[in-house]
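Below: one structure, written as structure tokens.
Every read-out reported here was derived from the displayed coordinates using simple, explicitly stated rules and does not represent laboratory data. In this text the structure is predicted, and so the values were computed from the model without any measurement. Positions of Cβ are backbone-derived with ideal geometry, glycine not excepted, and every protein chain shown enters the neighbour counts.
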Amino acid sequence: MNPPRTLASVDLGSNSFHLQVARVVDGQVFPLDALREPVRLGAGLSADKILSAESQQRALDCLARFGQRLRGLAPDDVRAVGTNAFRIAKNIDAFLPAAEEALGFPIEVVAGREEARLIYLGVAHSLPPSRARRLVVDIGGGSTECIIGQSYRPIRLESLYMGCVSYTLRYFPDGVVTADSMQRARLAALTELEVVAHEFTPADWAQAVGSSGSARALSQIIGESSGLDDGVITMDGLESLVRRGIRSGGFDPRDYPQVRTDRMQVLAAGLAIMCSVFEAFGIERMMPAEGAMRQGILYDMLGRSGEKDLRGATVTQFQRRYQVDVAQASAVEQTALAILGELDGGDESVRQQLRWAADLHELGLSVEHSGYHKHSSYILRNADMPGFSRAEQEALANLVLGHRGKLGKVAPSLRNDLRRAQIVALRLATLLHRSRHPLDGVPLRLLACEQNLIRVSLDTAWLETHPLTQASLAEEVRQWQLVGCELRLEQAEDLRRSA
């Protein structure tokens with residue numbers, strides 16, 4: 001059997017340089033290693049588009065470090081791509097030979113629309129397949145790419161000369177944010193967007209997605225400010241952050257510990273551009289995506305096609321890797337779905353998330369039996385899971401963490417009706433399957449799941465012959481009382497008579 005193929009992509013952006021090394025297994029790309037350095041090459045461009053000696057040296061030093069990591073890989077398995085700063089620098093021809101020598105591989109300077117295509121390819125492979133059209137916006141250091149695509153196929157590609165580094169130098173050079181500087185930055189971005197806005201109206205796409213650092217940083221800050229964990233960027237959230245920045249006179253990294261310091265240095269510019277994108281394209285909600293150009297380069301090298309949901313394949317891979325008892329996981333899954341019943345609100349994603357949580361809830365048994373749910377949650381929160389966004393991993397990790405033991409550790413999730421119903425269903429399902437024997441029918445059904453009251457239909461005849469389950473249910477009632485919620489077990493016979 002041939003060993004798995006190893007590929008590497010090098011994304012030479014105007015703000016950061018990225019190296020991604022991955023292994024190809026069964027047509028999937030699994031990350032092995034990643035390096036990132038905030039080179040800020042675009043900040044080294046003079047007014048007449050000449051790269052300064054200092055910025056060139058920063059880049060060469062970084063490329064030499066990347067080159068060491070790439071030693072031993074075949075030329076066909078490495079692709080390095082230079083973006084906006086490489087495109088517009090007038091002295092790039094003099095710089096490229098030294099850059100390629102430091103890296104040890106050729107560097108391809110791509111056009112704006114090719115950059116957009118690679119970005120879309122990376123984003124599309126990080127999201128669940130969908131027939132709906134998606135708008136992808138990538139705010140880079142020197143340019144912003146806007147793409148409309150369907151499945152893995154980009155339909156409309158644009159690259160605009162505005163980025164978080166170039167706008168920082170132009171409008172926020174000293175880090176100070178004022179109402180005037182923010183307004184000028186937003187108007188400049190709107191002027192750039194005006195030319196293409198008619199091709200990116202809400203009628204042209206069904207879902208908006210933001211990729212790369214600016215979108216993820218804005219998602220983190222807005223999510224924490226609103227108390228939500230779904231990662232959604234909204235216009236209200238953006239405007240609130242604008243007002244906060246103007247009041248404070250800037251964005252002090254100490255006030256935003258969840259975001260890297262180097263990203264905070266260009267946040268005001270990224271925020272101004274994102275506000276203008278929302279306004280020009282009529283966006284109401286935008287989801288952040290983990291995929292970016294470096295992943296797109298890998299898939300482009302692989303020449304992959306098709307619409308397989310990476311998340312399902314990842315779940316199967318994790319079950320194999322952590323030696324999960326698949327029969328037990330499947331039994332818990334089916335029971336949890338039966339208990340949940342119709343309380344999913346018609347949202348298939350709620351049921352799908354519950355399926356995956358049941359499939360993966362025993363990952364941690366491969367580490368330690370005692371407290372295995374904590375190990376399972378840690379793995380899901382921190383592992384590389386192709387196809388899953390960070391927000392999806394966080395939600396899955398919280399669901400698995402809450403499937404047994406004390407509920408206080410997942411208290412924030414209990415405030416959401418659907419999350420609470422998922423947790424109840426998974427807890428009761430694992431409780432029923434504690435003996436690891438098949439069930440002859442499901443004796444519990446979830447009737448209602450409100451913040452202070454959870455109603456469960458119970459087959460008392462079945463329960464009388466299962467004393468261990470009786471004791472476990474009594475403890476479950478107590479655990480919910482500790483978080484201020486009544487778990488009420490109602491006899492199915494009485495419910496049928498009253499009906």
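Taking every DSSP beta bridge that has both residues in the chain, what percent is antiparallel when rounded to the nearest 5? Present the calculation step by step, with values, prior to reporting the outcome.
Details: 39 of 60 bridges.
Of those bridges, close to 65 percent are antiparallel.
The amide H of Leu32, built 1.01 Å from its N in the peptide plane, has Val21, Ala22, Arg23 as neighbours under 5 Å, considering only residues 5 or more places off or on other chains. Per the Debye calculation on the stretch 310-498 with a single equal scatterer at every Cα and no solvent contribution, log₁₀ I(q)/I(0) for q = 0.19 Å⁻¹ amounts to -1.39. Size descriptors for the stretch 147-222, from the alpha-carbon set: Rg then Dmax equal 14.7, 42 Å.
Once backbone amide H atoms are built at 1.01 Å from N, Ser130 has Ser151 as its partners under 5 Å, excluding neighbours fewer than 5 places away on the same chain. Rounded to the nearest 10 degrees, the inclination of helix 348-360 to the longest alpha-carbon principal axis of the chain is 80 degrees. A convex hull fitted around the alpha carbon atoms of the stretch 76-191 yields 149 Å³ per residue. Placing one equal scatterer on every Cα of the stretch 5-110 and applying the Debye formula, the log10 ratio I(q)/I(0) at q = 0.11 Å⁻¹ is -0.33. Roughly what % of Cα-Cα distances in the stretch 395-475 sit above 16 Å, to the whole percent? Percent of Cα pairs beyond 16 Å in the stretch 395-475: 53. How many angstrom lie between the Cα centre of the stretch 149-172 and the Cα centre of the stretch 358-388? Centre-to-centre (Cα) distance: 37 Å. Counting only alpha carbon atoms, the long axis of helix 372-382 and the longest principal axis of the chain meet at about 20°.
Between Glu108 and Leu35, take the C-beta separation as r, use R0 = 22 Å, and let me know the FRET efficiency to the nearest 0.05.
Details: r = 19 Å, r/R0 = 0.86.
Working from the Cβ atoms, E equals 0.70.
Counting neighbouring beta carbons within 10 Å and listing from fewest to most, the residues His125, His433, His369, His361 come out as His369, His433, His125, His361. Across the chain, the relative contact order, built from alpha-carbon pairs under 8 Å that are at least six residues apart, equals 12 percent. Each eigenvalue of the Cα gyration tensor of the chain, multiplied by 5 and square-rooted, gives one semi-axis; in descending order these are 47, 26, 19 Å. Could you list the residues of the stretch 317-340 with an amide nitrogen less than 12 Å from a label point located 7 Å from the Cα of Asp440 in the Cα-to-C-beta direction? Inside the label zone: nothing. With a simple spin-label model that places each label point 7 Å from the Cα along the Cα-to-Cβ direction, the separation between Leu73 and Arg455 comes to 5.9 nm. In this simple spin-label model, placing a label point 7 Å from the Cα along the Cα-to-Cβ direction at both Asn91 and Glu199 gives a separation of 3.5 nm. Think of the stretch 212-346 as a dipole: +1 on every Lys or Arg Cβ, -1 on every Asp or Glu Cβ, centred on the Cα centre; then among Thr335, Phe281, Val259, Val259 lies furthest on the positive end.
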